[in-house]
Number of protein chains: 2
Amino acid sequence: MLPDKFRLQIPGPTPIPPRVQQAMNQPMIGHRDPDCSNMVAQLSQRLGPLFGTKEPVLLFASSGTAALEAAVVNTLAPGDEAAVIVSGAFGDRFSKILSRYDITLHQMDVPWGEACQPEQLARFLQKHAQVKAVFLTYCETSTGVLHPIGELAAVIHRETNALVIVDGVSCIGGVESHFDEWGLDILVTGSQKALMLPPGLSFAAVSPRAWQIIEKNPRPRFYLDFQTYRTNIAKETTPFTPAVSLLFGLAEVLAMIEEEGFQQVVERHQLMMRMTRAGIRAMGLTLMTTDTHASPTVTSVMGDDNGSADALRKELRRLSFRVAGGQQHLKGKIFRIGHMGYCDPIDVLTTIATIEVAAKRLELPVQLGAGIQAAEEELIYVSHTRN
Amino acid sequence: MLPDKFRLQIPGPTPIPPRVQQAMNQPMIGHRDPDCSNMVAQLSQRLGPLFGTKEPVLLFASSGTAALEAAVVNTLAPGDEAAVIVSGAFGDRFSKILSRYDITLHQMDVPWGEACQPEQLARFLQKHAQVKAVFLTYCETSTGVLHPIGELAAVIHRETNALVIVDGVSCIGGVESHFDEWGLDILVTGSQKALMLPPGLSFAAVSPRAWQIIEKNPRPRFYLDFQTYRTNIAKETTPFTPAVSLLFGLAEVLAMIEEEGFQQVVERHQLMMRMTRAGIRAMGLTLMTTDTHASPTVTSVMGDDNGSADALRKELRRLSFRVAGGQQHLKGKIFRIGHMGYCDPIDVLTTIATIEVAAKRLELPVQLGAGIQAAEEELIYVSHTRN
C-alpha cells in the first residue's frame, strides 16, 4: 500500500474534488470587496434548492456545532421549554447545548440505530404540547439513520405550535430536503460532509415563522445572531469576515451539483447506499439500521462480541483505507462508512472489496467476492435501466 | 493593467504565500485521525512565541469576532461591570458585544487615530476600580494605532483586579507580544492578517488567572466555551470539527515564521511601517497617527476636504491596486494600507509608487518620485546597516 494514497471514507470530513481545491486557490480578496459581496449573495440563493427553500440561506464561519447552538440561542428565551429527540451522538449534542442554557428540556430517547417513529413522537408531544421548539436530527451521523423528517414535522405541527429545528449536517446536499413544503423552521448543515468542502463553513435556513420568534427573543447573542446575518445578506454582505477561501470552494461545489443535477446527486447517494448495504450484507456482516431508515450518506456496520468492528477499522487503516469508529456507547461496537459528497459507485466497489480483504485477513467468516458481487449487481441493474 | 493581477494591500484578509496555499491542498483527513490530533497539539504550542506565552493557545473555527465574544462570555457573569477603551471600530466592536450581554459597561472614548495614554487610563480606572475586566485593542485596525499594551496592562494591574483582555487581531504575528510578561489575561487574534491565512481561524491565549474566573463563571456558552477547548487540547484534539485545511496552512505559516525568525518578522514589519510613513509624508499626504503610536501592520492616510481619500482609493482600484477605506465616521475621510503578513519592503515600494501615480492622475499636489525616494532611503539604510 502507498501510505500517502489513503481512501477517506469516513462520514466527514470528506475528500475535496480537485476543481473545488483549485477554486480555493484563487488569490485572496477583501471581504468588503464587491466581488466578495456578489459571491455571498449568489451563494445564499444557490444553496436554496439543496435545502428545499426559497428563503436565503445564512452562511457562518464556524463548525456545524456553532450553527446548532445558533438555532438554540436565536429561538429560545430563558425559561422556555423544548423537546429533543435523541437517537445518537448528534441528538445528544443538541441536548448538551440545550442543557447549557436555562431551558426546560423534555428528552425523548430512541434506541441508537433506530429512527423516531411519527406515532411515537405524537404520543411524546401530547404530554409536552407546550414546548416552544422540537429539535430533530435528519441524518444521525453516529448510527447512519435517516429520520423521516417530513412526517415528523407534520406530527409536530399537528400536536404543538413548536418550531421544528433540524440538524442536517451529515446529509444536506446528498438527500432530498423540502424545507418550505415540510414546514421546517430551522435547518442547519456544515461544509465538510455531502458539500465536499473542508470544515469551517456552516449554514442555516430559517422560516418566516421562526423569524417572528427570533426577532422577539431577548436572549443575548452576537456572533451567532441570525438577524445580523439576515440584515447583511439583504445588503449582499456578511457581518463579520467570512471564510473567503471556503466560499470560493462553495461556488465551485454548487456548480458541480448544478451540472450533475441535484436529483441525480440524490439518486447517486441512494445507489451508493444500496450498494454498500448489499455488499456488507452479502459479506455476512451485520448492518446496524433497517433498509427503511438507512441514510444514503453513511452506513454503520456492527461488529461481533470479539471486537471485530475495531479490528476491521484498524486493519482497513493498514490498507490505507479510513473508516470511522463508533461514538459514545457504540465505541468499539460498530464502524461507519461514509459515502457522500465526492464519492461515486466505483468508490463503493473499492470500499466493499477492501473490507473483504480486511475481514479475510482477520479470519472473519467471509467469502471473498460475495460482497463485491452483490454491490456490483446493484450498480449493473441501475446502469441497465437508467443510462 | 491586468485586472487579474491585483495587489491586495488592505489590512486583512492578506495575500496567501504560495507554499501556504500548497499546504492547504493536502488531501483532507479525518478530524479524529491521529495525524490531525498531533497537528492541533503542535500548532497550539508553536503559536506560543507569537503571543509571548508558554500557555497552549486555543484554536477556533470562526472569524476573529467570535473570539472577541468568547473573551466576553467566558470571563464575565451576568451583572458584572467592565471597562472598554474605544479608539476605533474594533474597540467599538468590543463595546457592541459587551452591550448585548447584561454587563454594566464603562466606556472610555479616545479620539480615533490616537492611542490610549497610560495616565489617562489610570484616571479613568480610578473611577471604576471595581470592574472585573478591561477590554483593549492592541492594533486598532480602523486607524492604524498600536496601543502600548504592556504599559496599559501595568496600569490596569496597579489600579484594579480586573482581567486584561486584548484584541490582537490585526497585529499578532507581525509585532512583539509578551503575554506572560505583560500580565495579559486573554489575547485573541484571527488568521487573515499577519498570519497570512484565509479567514476562518481564530485564536486565544488565556492566563492561569483568567482560568480561575472562567471556571467559576456561570454564564451559559457552548461553542465558545474555552474550557471545552482546554480539555480537548490536553487530549491533543478539538471539541468540534476544526477547519482542517486552514490548520494545514497554519503549520506552514509557522514554519515560514520560524525560518525567517520571529524577531526578523517583527523588524520587517517595523521597516515596512517606516517606509510607508516616509513615502506618504514625502509625497505631501497626511498620516493619521503619530510616529510613536503607528502600527507596523497598517497605515491610515487622511484625505482632504474634497474627498481625496475615496478618490485615491478608487483610482488605485483602477490600477488593480486595493487599499481599504475608512470605517464609521472615518468613511470617505481616510484610506488604509495594510503592510503585514506575506508582504515585504519591495511591496511597499510598489505601494508608494502606485499611490504617486494615482495622486498625480487626480491632480493632487504631489511631486512624482518624492515619496518613493523617501521610502527607498529607509530601505537602503536598513540594508546597509543590517545585512
For this session: Using only atoms on other chains, find how many Cβ atoms lie within 10 Å of each Cβ of peptide A:235-241 and report the average.
Result: 4
Problem set entry | Cα long-axis angle, helix B:244-260 against chain B (0 to 90 degrees, to the nearest 10) | 60
Seminar exercise, completed: Across A:322-328, the residue-averaged tally of Cβ atoms belonging to other chains within 10 Å stands at 1
For this session: Report, ordered by chain and residue number, the aspartates and glutamates lying within cross-link reach of A:Lys216, taken as a straight Cα distance under 15 Å and ignoring same-chain residues fewer than 8 apart.
Result: A:Asp80, A:Asp225
Exercise. Roughly what percent of Cα-Cα pairs across the range B:148-272 reach past 17 Å?
Worked result: 66
Seminar exercise, completed: Listing B:Phe179, A:Phe51, B:Phe6 by rising number of other beta-carbon atoms within 10 angstrom, fewest first, gives B:Phe6, A:Phe51, B:Phe179
Seminar exercise, completed: The Cα extents of the range A:18-258 along the principal axes, largest first and rounded to whole Å, are 55, 36, 29
Exercise. Over 24 Å between Cα atoms, which of B:Lys96/B:Lys235; A:Lys132/A:Lys193; B:Lys54/B:Lys235 qualify?
Worked result: B:Lys96/B:Lys235; A:Lys132/A:Lys193
Exercise. Hey, for A:Arg209 with labels 7 Å out along Cα-Cβ, what do the inter-copy distances come to in nm, ordered shortest first?
Worked result: 5.2
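Distances longer than 13 Å among the Cα atoms of the range B:316-375: what percent of all pairs is that?
Values: 1165 of 1770 pairs.
The share of Cα pairs beyond 13 Å in the range B:316-375 comes to 66 percent.
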Exercise. Using a label position 7 Å from Cα in the Cα→Cβ direction, what is the ascending list of nm distances from B:Gly284 to the same site in the other copies?
Worked result: 9.0
Exercise. Leaving out same-chain residues fewer than 8 places away, which lysines sit with a Cα under 19 Å from that of B:Lys314?
Worked result: B:Lys5, B:Lys331, B:Lys333, B:Lys360
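State the three equivalent ellipsoid semi-axes of the protein assembly as shown, derived from the C-alpha gyration tensor as the square roots of 5 times its eigenvalues, in descending order and whole Å. Write down the numbers at each step before the final one.
Values: eigenvalues 450, 175, 119 Å².
Rounded to whole Å, the semi-axes are 47, 30, 24.
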Seminar exercise, completed: Expected integer from the mean partner chain Cβ neighbour count at 10 Å over A:180-193 is 1
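Work through the residues other than A:Ala129 whose Cβ is under 13 Å from its Cβ and net out their charges, Lys, Arg +1 and Asp, Glu -1. Could you put the intermediate results ahead of the total?
Values: positive: A:Arg123, A:Lys127, A:Lys132, A:Arg158; negative: A:Glu81, A:Glu159.
With Lys, Arg at +1 and Asp, Glu at -1, the neighbours total +2.
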Exercise. Between A:Ala251 and A:Lys235, how many nm apart are label points set 7 Å from Cα along the C-beta direction?
Worked result: 2.2
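If neighbour count is taken as other Cβ atoms inside 10 Å, put A:Thr228, A:Thr299, A:Thr241, B:Thr354 in order from fewest to most. Spell out each step's value before the answer.
Values: A:Thr228 16, A:Thr299 30, A:Thr241 26, B:Thr354 19.
Result, fewest neighbours first: A:Thr228, B:Thr354, A:Thr241, A:Thr299.
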For this session: Return the sequence-ordered ³J(HN,Hα) values of the range B:87-96 in whole Hz as given by the Karplus equation 6.51 cos²θ - 1.76 cosθ + 1.60 applied to θ = phi - 60°, using x for Gly and Pro.
Result: 10, x, 5, 8, x, 4, 5, 4, 4, 5
For this session: Would you kindly work out, in nm and rounded to one decimal, the distances from the label point of A:Pro27 to those of the same position in each other copy, ordered shortest first, with label points 7 Å along Cα-to-Cβ?
Result: 3.2
Exercise. In chain B, which Cys residues have no partner Cys with a Cβ closer than 4.7 Å?
Worked result: B:Cys36, B:Cys116, B:Cys343
Exercise. To the nearest 10 degrees, how steep is helix B:370-386 against the longest Cα principal axis of chain B, on a 0 to 90 scale?
Worked result: 60
Seminar exercise, completed: Taking chain B and counting helices only, DSSP H stretches of n ≥ 4 at -39,500 (n - 2.57) each over all residues, the nearest-500 ellipticity at 222 nm comes to -13500 deg cm²/dmol
Seminar exercise, completed: So the angle from the long Cα axis of helix A:308-318 to the longest Cα principal axis of chain A, reported in degrees to the nearest 10, equals 80
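If we count every other residue with Cβ under 11 angstrom of A:Ile186's Cβ, Lys/Arg +1 and Asp/Glu -1, where does the sum land?
Computed value for this residue: -2.
Read-outs: derived from the displayed coordinates by stated rules, not from any lab. No experiment lies behind these values; they were computed from the predicted model shown. Don't worry about glycine lacking a Cβ; one is built from the backbone with ideal geometry, like all the others, and counts go over all protein chains shown.
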